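> One structure is given below, represented as structure tokens, and several questions about it will come after.
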Amino acid sequence: QGEEKWDFVLVSDIHEAGSEKEIKRKKFLDELSKKGFTIKKIEDKKLFYGVRAPKQIFQKYQQLLRNPDSGWQTPDAHHDIPVTTRIRIVNFILQNTTTPDREKLHDLMKKKVFEATFPLHEKEEVQEFLKERWARWRDIFCQQPIEKIRCYLGEKVALYFAWLGWYTYLLGFAAVAGLVVFVAGITVFNSSQVSKEICEASDTIMCPLCDQKCPFWLLSDTCTYAKVTHMIDNEGTVVFAMFMAIWATVFLELWKRQRATVVTEWDLYRWDEEEEELAMELINNVQHEPRQYQHSYFRSTIILLLVLVTIAVLIGIAHMLVIYRVIATALFTQSNSKFLREQANTMAVMTGAVLHYLTIVIMTKVNRRVALYLCDLEKPRTFSQRENNFTVKIFTFQFFTHFSSLIYIAFFLGRINGHPGHYVRIAGKWRLEECHPSGCITDLFIQMAIIMLLKQTISNVMEYLIPWMSYKLRKKQQRPKKRSMMLGEEEEEAEDPCKRQWLSNYQLNKVNVFSLFDEFLEMVIQYSFTTIFVAAFPLAPLLAFCNNLFEIRLDAIKMMRLRRRMVPRKANDIGIWLQVLEAIGILAVIGNGLVIAITSEFIPMQVYKYTYSPCVTENSTGVDCSTGYINHSLSVFRTQDFEPHTKPGLAPTGLCCRYRDYRNADDYGYTVQFWHIFAARLAFLILFEHVALCVKLIAAWYVPDVPQSVKNRFLDRKHGNLHRELRWVMLRKAP
């Protein structure tokens, strides 16, 4: 049975004898044979070549690296090294074997000489355990068998699931806190003084929202919208934003401790990736010379310029979404439907969010191609360096794709649109959007809710359905062939266990070097949503927590049931993703500080309470200090000052209307209150960010990256090694 175990399978179309592809395939297989590989050929609709490496290759590996794998993984029954290490070494040799024509396997696959190459899903105890006890929906609340995942899929995959499980576990605390803040907001749904004033403002006439068909409207018409806004925008938002800044730091610090404990148990804490790669290069080719580190300032400058151009394009797409919202608002306000006219702004926000999601789906594919092209220009020395460079670029592009529109809504919407009589217009025609008198934070809430819900429903459903349907279709296409093989001359061949196993693995979906990268990227983007603008959407951690419970099992099912076996990769951390997460933590502090200072009405309301409210001016007791805030925050505009080419509805009695801003009624310049609020916003932003960053630094210092037990284990190991060395020296000197 041991002789029938194969390390890799190469798949090729059946080419004509003597054809160029057939010759290239033969040359490559001959090179493998020279290296001592055993090759088995099976013919079906495709040609299948099973390859098995000789023992000498693995003995060299053990000698060069002093067998770093010993003692941490149950060895295969036939070989003395773990199967994951065996697959990794064989894959490296296959990818770096060169034919006399100077072509590698990657080049041959581009030329369709080979169609696929993959290790096999072996029917062994670990695989059966993972399929039955991990890769099932029913185990959604069960603990993950990280050690068994590592034994079958390698350390890098195991660390991904360990990180995802830890992230989901701690996300539960953030989800509870966010839910408490949201429920607390619901309790003030009908009791907010500001909302009451808006609902009772039946005599406050507001300026039209568009130039032509839009009428003057009553502030009380937006009563429900105001209640929703103040359900989201309240004092609890500030506390929750600070909590999430601390949570993000504690999460990363605790993960560093968890990671240190895990990799120490695997005996990989001080593992050197570069040393292992050099060892495998020498195993593959004794004459190999290491590729030197190189840096070109000219190439780096070109790449930086191309990155900036790409970011500019992504920001331009965000501008197009802004233009869509402006035009959509104008069209909805002129609609024949009363509902669309009344809810024009909300409908523009919702349809804009759906359009934003579609641009995310499309630009994700474009960003990937651009990032890969830029990585090719950089010419990185190793695959790990290439992966790190690609990670930074694709995350940067994806960040701007996801957040450019949100940044506009949070920090620019309603602040650059001008005022009645002097509106800022697109192409001199369409007015920019305005915020509701109660604030813009609800627009940000709606945008984030729609994007997160769509990403976590449609995207996850497609992520499961597409590989599942693809697998079923590929499997169905093979069935007629199997039936014909049961008849006549082919019956004996159909019973070959290798053939059945290789065919069943071939029917699974393809994997590539970025399969795991895609899962990481998806989770890191989600982490950005749950931290950066969480002040505007306290339910984000709850949605992320629920999604991750399914995401863990979805990824497990894809890896164990729907995809070919991934090539295991050794690792002792999650790589550059940790630096990306730390950068997101800093952005979260800045983003939430800006949301509270600029987007939220928290600062203007506090300035009013302590400077202009009845509690200050009249020394009133028993009066809500926010009484009169809405009237204070609305400016007066004379209808005769409208621009000549605009045609608002019939002017109200008194020839005045109100709009959201702090401007004088005479020359429409900014009032003293505006500058008071501006100074307060700036002061709060500086204070919030400094306090939050100080708390982050204290939390990072308070929670050590490496547990004392791990440090003590290494201390004891060093002491034991030195003690044995000393005894050996003393024995040699003894007469």
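The values are calculated or read from the model by the stated rules, or taken from the named source; none is laboratory data. Small disclaimer: the values here were computed from a predicted structure and weren't measured. Every residue, glycine as well, gets a Cβ built from its backbone with ideal geometry; the counts of neighbours run over all protein chains shown. With ligands, DNA and RNA removed, areas are computed over all heavy atoms of the protein, side chains included. Shrake-Rupley method; radii C 1.70, N 1.55, O 1.52, S 1.80 Å.
> Do the conditions hold for Glu147, that is, is it among the charged types (D, E, K, R) and either over 21 Å from Ala260 (Cβ atoms) or open to solvent by less than 10 Å² (accessible area, probe 1.4 Å) (or both)?
Numbers: among the charged types (D, E, K, R): yes; either over 21 Å from Ala260 (Cβ atoms) or open to solvent by less than 10 Å² (accessible area, probe 1.4 Å) (or both): no.
Considered against the rule, which asks whether it is among the charged types (D, E, K, R) and either over 21 Å from Ala260 (Cβ atoms) or open to solvent by less than 10 Å² (accessible area, probe 1.4 Å) (or both), Glu147 comes out as no.
> Among the residues of the range 199-229, count how many are in a strand (DSSP E or B) and under 14 Å from Phe642 (Cα atoms). Even if it seems obvious, please write down each step before you answer.
Taking the range 199-229 and keeping what is in a strand (DSSP E or B), we get 205-206, 217-218.
Subsequent filtering for residues that are under 14 Å from Phe642 (Cα atoms) retains 206.
Final tally of qualifying residues: 1.
> Additional query: Identify the single condition in (1) in contact (Cβ under 8 Å) with a residue 24 or more places away in the chain; (2) open to solvent by 10 Å² or more (accessible area, probe 1.4 Å); (3) within 27 Å of Phe383 (Cα to Cα) that Asp555 does not satisfy, given that it satisfies every other one.
In the conditions (1) in contact (Cβ under 8 Å) with a residue 24 or more places away in the chain; (2) open to solvent by 10 Å² or more (accessible area, probe 1.4 Å); (3) within 27 Å of Phe383 (Cα to Cα), Asp555 misses (2) alone.
> All but one of (1) in a helix (DSSP H, G or I); (2) loosely packed, with under 15 Cβ neighbours inside 10 Å hold for Arg368; which doesn't?
Going through the list (1) in a helix (DSSP H, G or I); (2) loosely packed, with under 15 Cβ neighbours inside 10 Å, Arg368 breaks only (2).
> Scan (1) surrounded by fewer than 20 Cβ atoms within 10 Å (Cβ to Cβ); (2) closer than 28 Å to Arg270 by Cα; (3) more than 14 Å from the chain's Cα centre (by Cα) for the single condition Ile576 breaks and write down its number.
(3) is the only condition that Ile576 fails.
> Given the criterion assigned to a helix (DSSP H, G or I), at pLDDT 80 or above and under 30 Å from Thr333 (Cβ atoms), identify the matching residue among Met469, Met452, Met523, Met462.
On the way: Met469 fails: under 30 Å from Thr333 (Cβ atoms); Met523 fails: under 30 Å from Thr333 (Cβ atoms); Met462 fails: under 30 Å from Thr333 (Cβ atoms).
Met452 is the lone residue from the list that is assigned to a helix (DSSP H, G or I), at pLDDT 80 or above and under 30 Å from Thr333 (Cβ atoms).
Residue by residue, here is whether (1) under 19 Å from Ser633 (Cα atoms); (2) in contact with a helix residue (DSSP H, G or I) (Cβ under 8 Å, 6 or more places away or on another chain) holds:
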position: Thr204; (1), (2): yes, yes
position: Leu209; (1), (2): yes, yes
position: Pro215; (1), (2): no, no
position: Leu218; (1), (2): yes, no
position: Asp221; (1), (2): yes, yes
position: Tyr225; (1), (2): yes, yes
position: Gly236; (1), (2): no, yes
position: Ala241; (1), (2): no, yes
position: Trp247; (1), (2): no, yes
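> I'd like the full set of residues that are crowded, with 20+ Cβ neighbours inside 10 Å and more than 17 Å from the chain's Cα centre (by Cα), limited to the range 447-478.
Listed by number, the list holds a single entry, Gln447.
> Kindly list, by first and then second residue, each pair from a residue in the range 20-41 that is closer than 11 Å to Val113 by Cα and without any contact (Cβ under 8 Å) to a residue 12 or more places away in the chain to a residue that is part of a loop (DSSP other than H, G, I, E, B) and open to solvent by 60 Å² or more (accessible area, probe 1.4 Å), limited to pairs with Cβ atoms under 8 Å and residues at least 6 apart or on different chains.
Final answer for the pair search is Glu22/Glu16.
> In the same structural domain as Trp430 (by the TED database), touching a residue at least 60 places away in the same chain (Cβ under 8 Å), of a type in the set (Gly, Ala, Ser) and under 30 Å from Val424 (Cα atoms): is that true of Ala353 in this structure? Before you say what the answer is, go through the steps one by one.
Values: in the same structural domain as Trp430 (by the TED database): yes; touching a residue at least 60 places away in the same chain (Cβ under 8 Å): yes; of a type in the set (Gly, Ala, Ser): yes; under 30 Å from Val424 (Cα atoms): yes.
For Ala353, the condition - in the same structural domain as Trp430 (by the TED database), touching a residue at least 60 places away in the same chain (Cβ under 8 Å), of a type in the set (Gly, Ala, Ser) and under 30 Å from Val424 (Cα atoms) - is met.
> Of all residues in the range 432-477, which are farther than 19 Å from Asn234 by Cα, charged (D, E, K, R) and out of contact with any Gly (no Cβ under 8 Å at 6 or more places or on another chain)?
Lys455, Glu463, Lys472, Arg474, Lys475, Lys476
> Given the residues Glu274, Glu281, which is the only one that is open to solvent by 60 Å² or more (accessible area, probe 1.4 Å) and either in contact with an Asp or Glu (Cβ under 8 Å, 6 or more places away or on another chain) or not in a loop (DSSP other than H, G, I, E, B) (or both)?
On the way: Glu281 fails: open to solvent by 60 Å² or more (accessible area, probe 1.4 Å).
Answer to the check: Glu274.
> Residue by residue through the range 12-38, note down the ones that are buried (at least 18 other Cβ atoms within 10 Å of the Cβ) and either among the hydroxyl-bearing types (Ser, Thr, Tyr) or outside the structural domain of Pro82 (by the TED database) (or both).
Ser12
> In the range 394-420, which residues are open to solvent by less than 20 Å² (accessible area, probe 1.4 Å) and within 15 Å of the chain's Cα centre (by Cα)?
Ile394, Phe397, Gln398, Thr401, His402, Phe403
> Tell me which of these Gln95 doesn't satisfy, since it passes every other one: (1) buried (at least 18 other Cβ atoms within 10 Å of the Cβ); (2) outside the structural domain of Ala260 (by the TED database); (3) not small (Gly, Ala, Ser); (4) not in a loop (DSSP other than H, G, I, E, B).
Result: Gln95 fails condition (1) only.
> Residue check: is Thr187 under 30 Å from Ala556 (Cα atoms), assigned by the TED database to the domain that holds Ala540 and β-branched (Val, Ile, Thr)? Show your work before the answer.
Numbers: under 30 Å from Ala556 (Cα atoms): no; assigned by the TED database to the domain that holds Ala540: yes; β-branched (Val, Ile, Thr): yes.
Spelling it out, it is not the case that Thr187 is under 30 Å from Ala556 (Cα atoms), assigned by the TED database to the domain that holds Ala540 and β-branched (Val, Ile, Thr).
> Counting just the residues of the range 301-340 that are assigned to a helix (DSSP H, G or I) and polar (S, T, N, Q), which one comes out nearest to Ala353 (Cα to Cα)? Walk me through it before giving the result.
If we filter the range 301-340 for residues that are assigned to a helix (DSSP H, G or I), which is where we start, we get 301-333, 338-340.
Right, trim to polar (S, T, N, Q) and you get 301, 310, 329, 333.
On the way: Thr301: 35, Thr310: 22, Thr329: 13, Thr333: 19 Å.
Among residues in the range 301-340 that are assigned to a helix (DSSP H, G or I) and polar (S, T, N, Q), the one nearest to Ala353 (Cα to Cα) is Thr329.
> Still on this model: Can His402 be described as in the same structural domain as Val567 (by the TED database) and within 30 Å of Gly669 (Cα to Cα)?
Values: in the same structural domain as Val567 (by the TED database): yes; within 30 Å of Gly669 (Cα to Cα): no.
Answer is no for this residue.
> Among Leu578, Leu521, Leu549, which is the only one that is of a type in the set (A, V, I, L, M), over 30 Å from Glu275 (Cβ atoms) and in the same structural domain as Ile186 (by the TED database)?
On the way: Leu578 fails: over 30 Å from Glu275 (Cβ atoms); Leu521 fails: over 30 Å from Glu275 (Cβ atoms).
Selected residue: Leu549, the only one of Leu578, Leu521, Leu549 that is of a type in the set (A, V, I, L, M), over 30 Å from Glu275 (Cβ atoms) and in the same structural domain as Ile186 (by the TED database).
> Quick one: what pairs do we get from the range 663-678, first residue touching a residue at least 60 places away in the same chain (Cβ under 8 Å), second of a type in the set (Ser, Thr, Tyr) and part of a loop (DSSP other than H, G, I, E, B), C-beta under 8 Å, 6+ apart or different chains?
Hits for this filter: Arg663/Thr671; Gln673/Tyr662; Ile677/Tyr662.
> For the range 534-549, which positions are open to solvent by 10 Å² or more (accessible area, probe 1.4 Å) and either in contact with a strand residue (DSSP E or B) (Cβ under 9 Å, 6 or more places away or on another chain) or not in a helix (DSSP H, G or I) (or both)?
Residue satisfying the conditions is Leu539 alone.
> May I pose another question? Residue check: is Arg88 at pLDDT 85 or above and closer than 23 Å to Glu265 by Cβ? Working first, answer last.
Working: at pLDDT 85 or above: yes; closer than 23 Å to Glu265 by Cβ: yes.
So Arg88 fits the description; yes.
> Okay, moving on. Has the range 700-717 got any residue that is at negative phi, within 41 Å of the chain's Cα centre (by Cα) and surrounded by 17 or more Cβ atoms within 10 Å (Cβ to Cβ)? Reasoning before the result, please.
Narrowing the range 700-717 to residues at negative phi: 700-717.
Applying the additional criterion that residues be within 41 Å of the chain's Cα centre (by Cα) yields 700-717.
Adding the requirement that they be surrounded by 17 or more Cβ atoms within 10 Å (Cβ to Cβ) leaves 700, 710.
Checked against the condition, which is being at negative phi, within 41 Å of the chain's Cα centre (by Cα) and surrounded by 17 or more Cβ atoms within 10 Å (Cβ to Cβ), the range 700-717 yields at least one hit.
> Tally up the residues in the range 502-520 that are in a helix (DSSP H, G or I) and not hydroxyl-bearing (Ser, Thr, Tyr), please.
Just the residues of the range 502-520 that are in a helix (DSSP H, G or I), to begin with: 502-506, 515-520.
The next check asks that each one be not hydroxyl-bearing (Ser, Thr, Tyr); those that pass are 502-503, 505, 516-520.
Residues flagged as in a helix (DSSP H, G or I) and not hydroxyl-bearing (Ser, Thr, Tyr) within the range 502-520 amount to 8.
> Can you name the residue in the range 325-340 that is open to solvent by 40 Å² or more (accessible area, probe 1.4 Å) and in contact (Cβ under 8 Å) with a residue 40 or more places away in the chain and is also nearest to Lys429 (Cα to Cα) among such residues?
Only one residue fits best here, namely Ile327.
> Determine, yes or no, whether Phe114 is at negative phi, surrounded by fewer than 17 Cβ atoms within 10 Å (Cβ to Cβ) and aromatic (Phe, Trp, Tyr). Even if it seems obvious, please write down each step before you answer.
Values: at negative phi: yes; surrounded by fewer than 17 Cβ atoms within 10 Å (Cβ to Cβ): no; aromatic (Phe, Trp, Tyr): yes.
Considered against the rule, which asks whether it is at negative phi, surrounded by fewer than 17 Cβ atoms within 10 Å (Cβ to Cβ) and aromatic (Phe, Trp, Tyr), Phe114 comes out as no.
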